[in-house]
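Presented below is the structure to which this report refers.
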Amino acid sequence: MTDPLACHQRYMQRALELAAQGRFSTAPNPMVGCVIVADDQIVGEGWHQRAGEPHAEVHALREAGAAAKGAIAYVTLEPCSHFGRTPPCADALIKAEVATVVVAMKDPNPLVSGEGIERLRAHGIEVIVGVLEQQALALNCGFVARMQRQRPWLRLKMAASLDGRTALANGESQWITSIDARRDVHRWRAQSSAILSTARTVLADNAVLTARHPQTVIQPTRVIIDSHGLLTGNETLFQELASVIVVHAPDTAVERNWPAHVECITVTRNETQHIDLVELMHALAAHHINSVWTECGAQLAGALLNAELVDEVVVYLAPKLVGASGLGLLNLPAFSHMSQVPELTFKDVRQVAEDLRIIAVPRRVRGDLTS
């Protein structure tokens, strides 16, 4: 006898695979996949390809045609119930007369969560919720974080030698890691809504901070903290037309002839007279930024960790030994007891060509998001 749950999981796994195809293009919308099944056969598939374009359910229903009537629809995210740039997907499923809708997770937006499910049930459609829920949450961790916490999912990227040094004492750092590791970084950049850095890093490295990966569809917004008013608008960074957000403190906001693709925002200083990073993250969420990838030095890296804003630490370790005179990975407070030391859990460890990539999650983040 066929196990119904195993059957649901098999088709939902396919829907998740379809959804993941939107990792480079759907932001600020979530990634969503849909599979229509009739008589244990897939008759329609679809995934949300870009914000403002048809949702996954619409693509799958179009492919299924008349076969959708009485079928089962597998959707990785609760079908929307409101009019946005596209009509409600719940209405499309109702019109197609599907018999059952299997949903991986509810919409994390507290203003709409559950409404799509209730609309389907009100029209006599069976709805099953929670199939492969954790996988669906992980796929859209940025969108969920923005909806639930009003701040993006933040990945703190660092690159170092095996003895934890990011550069020589004179600041030379190109290149600690291999070209393959740098290509991997650009793949991560291409999947991020924003890249966070500082004016000092931009000036020191003449950084452009774009995603140079063949699958890049939308360039991430470059978010540059310039709390001392160092940038002029003439740097190489601004020659690229991808969006830039320059972050000033109230006392350093200066009038400049910024290019049209540059927006300046003001964020208050905290008690240490640095930019309030919590306030900044909320401001980025208000700009519909789901996920942030960092390209920064030890000071900002340590400040982000200390403020408990880091969701994942991504470290590239090169098989090189720089020595004690080299620059350290990040600045953290001086701890007097091991109980004060931040603890992380390894999420993924793999070799990228000659380097090692470690993804670790601060212990506080585990179980942080819910549907």
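The values are calculated or read from the model by the stated rules, or taken from the named source; none is laboratory data. Computed from a prediction, not measured in an experiment: that's the story for all the values here. Cβ placement follows ideal geometry from the backbone for every residue including glycine, while neighbour counts extend to all protein chains displayed. SASA here: full protein model, heavy atoms, side chains in, ligands and nucleic acids out. Shrake-Rupley method; radii C 1.70, N 1.55, O 1.52, S 1.80 Å.
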Please specify each residue of segment 307-351 satisfying the condition of being touching a residue at least 60 places away in the same chain (Cβ under 8 Å) and of a type in the set (Val, Ile, Thr).
Val310, Val313, Val314, Val315, Val322
Taking into account only those residues within segment 195-235 that are closer than 20 Å to Thr272 by Cβ, free of Cβ contacts under 8 Å to residues at least 40 places away in the same chain and out of contact with any Leu (no Cβ under 9 Å at 6 or more places or on another chain), which is surrounded by the most Cβ atoms within 10 Å (Cβ to Cβ)?
Asp226
Please work out which residue is most open to solvent (accessible area, probe 1.4 Å), limiting yourself to segment 320-358 and to residues that are in contact with a Ser or Thr (Cβ under 8 Å, 6 or more places away or on another chain), more than 30 Å from Phe143 (Cβ to Cβ) and assigned to a loop (DSSP other than H, G, I, E, B).
Leu321
Which one of Ala122, Ala159, Ala167, Ala138 is open to solvent by less than 20 Å² (accessible area, probe 1.4 Å) and either among the aliphatic types (A, V, I, L, M) or touching a Lys or Arg at 6+ places or on another chain (Cβ under 8 Å) (or both)?
Ala167
Can you tell me which residue is nearest to Asp184 (Cα to Cα) among those in segment 301-312 that are of a type in the set (A, V, I, L, M, F, W, C), touching a helix residue (DSSP H, G or I) at 6+ places or on another chain (Cβ under 8 Å) and open to solvent by 10 Å² or more (accessible area, probe 1.4 Å)?
Ala303
Can you say whether Val75 is modelled with pLDDT of 95 or more, in contact with a strand residue (DSSP E or B) (Cβ under 6 Å, 6 or more places away or on another chain) and either over 19 Å from Gln135 (Cα atoms) or of a type in the set (A, V, I, L, M, F, W, C) (or both), as far as the supplied structure shows?
yes
Given the conditions (1) modelled with pLDDT under 95; (2) touching a Pro at 6+ places or on another chain (Cβ under 7 Å), report the number of the one that Val112 does not fulfil.
(2)
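Every residue, every condition in (1) in contact (Cβ under 8 Å) with a residue 60 or more places away in the chain; (2) open to solvent by less than 20 Å² (accessible area, probe 1.4 Å); (3) hydrophobic (A, V, I, L, M, F, W, C), yes or no:
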site: Ser178; (1), (2), (3): yes, yes, no
site: Val185; (1), (2), (3): yes, yes, yes
site: Leu237; (1), (2), (3): no, yes, yes
site: Ala253; (1), (2), (3): no, no, yes
site: Asp276; (1), (2), (3): no, no, no
site: Leu280; (1), (2), (3): no, yes, yes
